[in-house]
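As structure tokens, the structure follows; a few thoughts come after it.
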């Protein structure tokens, strides 16, 4: 399971219903599992996500045995989903991850 920080301006608007809408925009077969949204696409056989305080929790089950084109499209959609849900681009998420990794040792 991964946790991603949510931009402060996005937090209040990211209700369970809004999260399901974001998941539906990028994945298929979207359903609700309590406050979590569940979907799938391509190499992602199951994506379950929910808001946990100031973070977006994402539990992903992958199928590594998909064609390369499907894997590339899956990665593209996953990154678009994370950007829409958290408000941070892939570059910003990577920068925050590096900062938290180096800052935790201080």
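The values are calculated or read from the model by the stated rules, or taken from the named source; none is laboratory data. Because the structure is a prediction, the values reported are computed rather than measured. Cβ sites come from the backbone with ideal geometry, for glycine too, and all protein chains shown count toward neighbours.
Values as computed for the structure displayed
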item: Strands (runs of 3 or more DSSP E) fully within the chain counting 1 or more residues that are touching a residue at least 40 places away in the same chain (Cβ under 8 Å); result: 2-5, 44-52, 55-62
item: Criterion (crowded, with 19+ Cβ neighbours inside 10 Å, out of contact with any helix residue (DSSP H, G or I) (no Cβ under 7 Å at 6 or more places or on another chain) and under 15 Å from residue 82 (Cβ atoms)) met by exactly one of 51, 58, 44; result: 58
item: Members of segment 8-41 found to be in contact with a helix residue (DSSP H, G or I) (Cβ under 6 Å, 6 or more places away or on another chain) and closer than 16 Å to residue 86 by Cα, listed by number; result: 22, 26, 37
item: Test for residue 61: is it farther than 17 Å from residue 19 by Cβ and touching a strand residue (DSSP E or B) at 6+ places or on another chain (Cβ under 7 Å); result: yes
item: Residue within segment 75-94 that is surrounded by 13 or more Cβ atoms within 10 Å (Cβ to Cβ), at pLDDT 95 or above, over 14 Å from the mean Cα position of the chain (by Cα) and more than 12 Å from residue 2 (Cβ to Cβ) present; result: no
